[in-house]
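Enquirer: I'd like to ask some things about the structure below.
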Amino acid sequence: QVQLVESGGGLVQPGGSLRLSCAASGSIVSIHRMGWVRQASGKQRELVAVVALGGITNYADSVKARFVISRDYARNTVYLQMNSLKPEDTAVYYCNAVLRTTGPATPQEYWGPGTQVTVSS
């Protein structure tokens, strides 16, 4: 069984910073990609940032130059450093991973429970 445990959400003023963490645990063989998806109230989920095999990263246009995603391969952990936060960044942020375990041969997708980020003065 795989678990994704998120931390680091909270309330921050506009212009402030937060760092989210997501640690994957379980019978993991390899991680193909890890990233963050967010969902604001009344809106659809949107990709925020992802890091794939080889360290290739991809960001939503709305967060480029403000957010940085990084990964600790030894700890199966992904981080999202969020700077210059805006009220429109307010959302529940979900960790997402595509990985292989000792079970099924094909990679499976997993989700964390989500962590609330609120940007408000």
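The values are calculated or read from the model by the stated rules, or taken from the named source; none is laboratory data. From a predicted model like this one, the values you see are computed outputs, not experimental measurements. Backbone-built Cβ (ideal geometry, glycine too); neighbour counts: all protein chains shown. Quick note on the areas: whole protein, heavy atoms, side chains included, nothing else; ligands and nucleic acids left out. Shrake-Rupley method; radii C 1.70, N 1.55, O 1.52, S 1.80 Å.
Enquirer: Considering only segment 80-107, state which residues are under 20 Å from VAL29 (Cα atoms) and in contact (Cβ under 8 Å) with a residue 12 or more places away in the chain.
Expert: Hits for segment 80-107 are CYS95, ASN96, ALA97, VAL98, LEU99, ARG100, THR101, THR102, GLY103, PRO107.
Enquirer: Follow-up question, since we're still on this one. All but one of (1) open to solvent by 20 Å² or more (accessible area, probe 1.4 Å); (2) within 14 Å of the chain's Cα centre (by Cα); (3) under 20 Å from LEU18 (Cα atoms) hold for ALA52, so report the exception by its number.
Expert: For ALA52, the exception is condition (3).
Enquirer: In segment 87-115, how many are open to solvent by 80 Å² or more (accessible area, probe 1.4 Å), within 17 Å of GLU46 (Cα to Cα) and over 12 Å from the mean Cα position of the chain (by Cα)?
Expert: 2
Enquirer: Would you say VAL78 is hydrophobic (A, V, I, L, M, F, W, C) and either more than 12 Å from VAL50 (Cα to Cα) or open to solvent by 40 Å² or more (accessible area, probe 1.4 Å) (or both)?
Expert: So VAL78 fails the test.
Enquirer: Let me ask something additional. Which condition does ALA24 not pass, out of (1) assigned to a loop (DSSP other than H, G, I, E, B); (2) crowded, with 20+ Cβ neighbours inside 10 Å, if it passes all the others?
Expert: Status for ALA24: all satisfied but (1).
Enquirer: Residues VAL5, VAL29: which one is out of contact with any Leu (no Cβ under 9 Å at 6 or more places or on another chain), part of a strand (DSSP E or B) and either within 20 Å of ASN58 (Cα to Cα) or open to solvent by 40 Å² or more (accessible area, probe 1.4 Å) (or both)?
Expert: Exactly one residue qualifies, and that residue is VAL5.
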